[in-house]
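The values are calculated or read from the model by the stated rules, or taken from the named source; none is laboratory data. Please read these numbers as outputs of a predicted model, since none were measured by experiment. Cβ atoms come from the backbone with ideal geometry, glycine included; neighbour counts cover every protein chain shown. Note: accessible area is taken over every heavy atom of the protein model, side chains too, but ligands, DNA and RNA are not part of it. Shrake-Rupley method; radii C 1.70, N 1.55, O 1.52, S 1.80 Å.
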Amino acid sequence: MTMDRRTVLGLGGVATAGVVLAPGMTLIAAPPPDKTEASSDQRWAMLIDVNKCDSNCTACTKACRQENNVPLFGDPNRDIHWIRKLEIRDKEHRRPSVSLPVMCNHCENPPCAHVCPTQATFIRKDGIVLVDKHRCIGCRYCMLACPYKARSLVYHETSRNEDSNPEVPIRAKGVVEKCNFCVHLVDDGKQPACVQACRNEGKHAMIFGDLNDPQSEISVKIRTVKTQTIRADLGLKPHVHYEGL
Amino acid sequence: MRSLQSHPLKFTVLLALVWAFVLVLPTMVVASGSGADVTQHSKSAYTGGPPQLENAKGEACIRPSDWMRRNHMDFLKHRRAQTVREGLRIRSESLIKCAECHQSREKFCDQCHNYVGVAPDCFECHSYPK
Ligand code: SF4
Ligand code: SF4
Ligand code: SF4
């Protein structure tokens, strides 16, 4: 999909100039403790460096489908997308177009949650916006409310096959779902599937981490590099940040 | 005159009642006496016989078995809500742990669920851990 750069950016984000610190990455996590719970001590977020993202690469979108059992029905009006690749360009063509993945922004002020009549959509304590599929009635108010087109209704039955991920439910017909920051992996101290795939592809365009931890790679980068969020003018405070837009 | 006329009427009614009783009684005996018939009838709905639970591996359940028998549905549903909404994950009490002892859903969960005719739809989306 190609979109106008100013449309995607809205009025743009805050510019902070500074030094880039070398990212320290030690992600071999010890097995998680027996009992864990979401807590407001964390604030999960993502940072995507569009300079490192390649317009031909679909590693993240493929990984998301594989990890979360998100099928493709082959009908553009009905297909489920938790993460999409966008091409955006400058209206005056002063800059080359850029390619970036777009998923749920896990907004701090999520209109999707505000309009949900059943409280199926809610913000977890650590900032992840989730859909409780057991409560969702498929009314699709949230799809209208989300300005990022992050949500999809599952129009058709889906089924499990030998390639499905047994750890994750298959998508249920009649409920609205979206990127959940791979909450099952994050709760186990792992990184979301798209981030892992991007790294395995050698691109390292996506980082995921805790904004409440000032030492985390993502906090350091957001403090020190110019980053933006999409349509910051809407005031939803997205937590997917972009570098190089 | 009046009594002569009303007497046969009363007698007829009484006779009818007696006959009705005589006719109905054997039917009642058949209905209550032959349990086989009743089972035969309900067999079209359920074919598995009384629940035959496979012996669980493992030493003991995470809760006393009789408590579990009565409360597992509320327990699971409460945990489900806590897990989805509060991110509570207790790894020693997850469904993966259930499946370590009760390895076959068909030979465990489904046995009673089919017998009592309840159809929880958990496993239409989730897969029972292997
Ligand atoms: S991006 Fe859309 S779906 Fe995600 S939290 Fe924001 S409004 Fe809700
Ligand atoms: S479709 Fe589901 S999640 Fe969306 S607003 Fe309706 S009930 Fe809430
Ligand atoms: S965080 Fe997980 S659910 Fe969200 S886009 Fe990435 S892979 Fe998909």
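Per-residue surface analysis assigns A:Val115 an accessible area of about 60 Å², computed on protein heavy atoms at 1.4 Å probe radius.
Legend: mean number of C-beta atoms from other chains within 10 angstrom of residue C-beta atoms, peptide A:30-42, equals 3.
Ordered from longest to shortest, the equivalent ellipsoid semi-axes for region A:127-245 are 28, 20, 13 Å, each the square root of 5 times a Cα gyration tensor eigenvalue. Accessible surface of chain A, 1.4 Å probe: 51 percent of it comes from carbon and sulfur atoms. DSSP beta bridges confined to chain A are antiparallel in about 70 percent of cases.
Excluding ligands, DNA and RNA, the accessible surface per residue across region B:65-125 is 68 Å² with a 1.4 Å probe.
Projected onto its three principal axes, the C-alpha set of region B:65-125 covers 34, 26, 21 Å, listed from the longest axis down.
In whole angstrom, chain A maps to an equivalent ellipsoid with semi-axes of 26, 22, 19, each derived as √(5λ) from the alpha carbon gyration tensor and ordered largest first. Here region A:38-243 is assigned +1 on the Cβ of each Lys and Arg and -1 on the Cβ of each Asp and Glu. Its dipole about the Cα centre then comes out at about 580 debye.
Residue by residue along A:182-194, Cβ atoms of other protein chains within 10 Å of the local Cβ number 1 on average. Each Cα pair under 8 Å and six or more residues apart adds its sequence gap; the mean of these over the residue count of region A:160-245 is a relative contact order of 12 percent. Only aspartates and glutamates eight or more places from B:Lys57 in sequence, or on another chain, were considered; those with a Cα closer than 13 Å are B:Glu100.
List the lysines whose Cα lies under 21 Å from the Cα of A:Lys149, skipping any in the same chain that are fewer than 8 positions away. Here the lysines satisfying the reach criterion relative to A:Lys149 are A:Lys62, A:Lys85, A:Lys133, A:Lys173, A:Lys178, A:Lys237. Relative contact order (percent) for chain A, with alpha-carbon contacts under 8 angstrom and 6 or more residues of separation? This gives 34 percent for chain A.
The relative contact order of region A:114-205 comes to 23 percent, based on Cα pairs under 8 Å that sit 6 or more residues apart. Both chains summed, the buried accessible area for B and A stands near 1800 Å², from protein heavy atoms and a 1.4 Å probe. Pairwise inverse Cα distances across region A:89-163, averaged and inverted, put the Kirkwood hydrodynamic radius at 14.7 Å. Taken over the C-alpha atoms, region A:168-233 has Rg and Dmax values of 14.7, 44 angstrom. Solvent exposure of chain A amounts to 50 Å² per residue of accessible area, where only protein heavy atoms count and the probe is 1.4 Å. The alpha-carbon of A:Lys35 sits under 17 angstrom from the alpha-carbons of these aspartates and glutamates, leaving out residues fewer than 8 places away in its chain: A:Asp126, A:Asp187, A:Asp188, B:Glu86, B:Glu93.
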